[in-house]
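Reading through the structure tokens given below for one structure.
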Amino acid sequence: MSAHEPPADLAAFFSDGRLVSVPRRPARRAALLGHLVRTLFDPERSYTEREVNETLLGVHSDSAMLRRYLVEARLLIRTRDGSSYRRAVADDCDAPAAPTGPASAQPPAA
């Protein structure tokens, strides 16, 4: 797998290097967004909104949707005025989301 090639579990969402659909399932969508941010954005630099859009257009025609998903997932951090974007800390992009809800709660110690 090359740096931009999707992992096997995400390959069905790509055709000829382009994203053809966005997963509906939250875990798969999170994996896809993590892949995109790791392969498209350098954590050491800031990007203008135009640069983010141009980068995302390289993989999908709806750059605004992908940008919104990346910001909502906190994988891209946007300045308050929206003039600049940065990739979140690399460890945050690589780590799976922590489970939430009753299934993740630990039972009280006996």
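Just to be sure, is PRO6 modelled with pLDDT under 95, out of contact with any His (no Cβ under 7 Å at 6 or more places or on another chain) and at negative phi?
So PRO6 fails the test.
Quick check: anything in segment 11-26 within 15 Å of LEU70 (Cβ to Cβ) and in contact with a Cys (Cβ under 9 Å, 6 or more places away or on another chain)? Please lay out each step first, then the result.
Initially, segment 11-26 is screened for residues within 15 Å of LEU70 (Cβ to Cβ), giving 19, 22-23, 26.
With the extra rule that they be in contact with a Cys (Cβ under 9 Å, 6 or more places away or on another chain), the set shrinks to none.
Within segment 11-26, not a single residue is within 15 Å of LEU70 (Cβ to Cβ) and in contact with a Cys (Cβ under 9 Å, 6 or more places away or on another chain).
For GLU5, work out the one condition from (1) surrounded by 14 or more Cβ atoms within 10 Å (Cβ to Cβ); (2) over 25 Å from ARG78 (Cα atoms) it doesn't fulfil.
Unmet condition: (1).
The values are calculated or read from the model by the stated rules, or taken from the named source; none is laboratory data. Fair warning: this is a prediction, and the values are worked out from it, not measured in the lab. FYI the Cβ positions are ideal-geometry reconstructions off the backbone, even for glycines, and counts take in every protein chain you see.
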